[in-house]
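Heads up: the structure comes next, in structure tokens.
Any read-out appearing in this document is the output of simple, stated calculations on the displayed coordinates, not a laboratory observation. Just so it is clear, the model here is predicted, and its values are computed rather than measured. Cβ sites come from the backbone with ideal geometry, for glycine too, and all protein chains shown count toward neighbours.
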Amino acid sequence: MTLLRCLLFTVFLAPGAERQRVEFTKDPLTTVSKNVAEEKAVLVDVRSKEEWEAGHIEGAIFLPVDSLRKHSFNEKKIGKTLPDKKEKKILYAYCVVGMRAKAAAGILQQLGYEVRALKLGYDELLKAGFEKDDVQNGEDEDSR
């Protein structure tokens, strides 16, 4: 067997090598909105800092997926940003088209959070009635 075949076998066929597959939530936006309003859930914005500063949903938590990837094994740092796992709140991750939301959901699920990736992005959430937060302080978790 060639080296490439050995590597492919190890990555794709070896026991325990399967990756967790994250699907988009089937929760309709009415359910998402109701869960957020009833404080059973929070929105987690996983877009870049520049996108966040250009506008974000009121009450959303800023946790860029790039930062999450960088700190994925630093559960303490992530835990300071997100609600305590004991609260059992649903985290609805969103970005622009859903791919970063799925990536973030996979990492957060591995850390024990109940996370659901939204396929709809920031603009669609605004159109659906979520409020834009107009407060711009330019500060995030990494700049404190």
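Pairs from the list LYS40/LYS70; LYS26/LYS119; LYS40/LYS85; LYS34/LYS127 with a Cα-Cα gap above 18 Å: LYS40/LYS70. Once the other residues with Cβ under 9 Å from the Cβ of ASN35 are scored (Lys, Arg +1; Asp, Glu -1), what is the net sum? Residues near ASN35 contribute 0 overall.
Which of the three applies to the range 32-98, rounded, prolate or oblate, going by the alpha-carbon gyration tensor with a ≥ b ≥ c and a/c under 1.5 meaning rounded? Cα axes put the range 32-98 in the oblate bin. If the segment from LEU126 to LYS40 were pulled out straight at 0.36 nm per residue, it would be longer than the present Cα-Cα gap by 28.9 nm.
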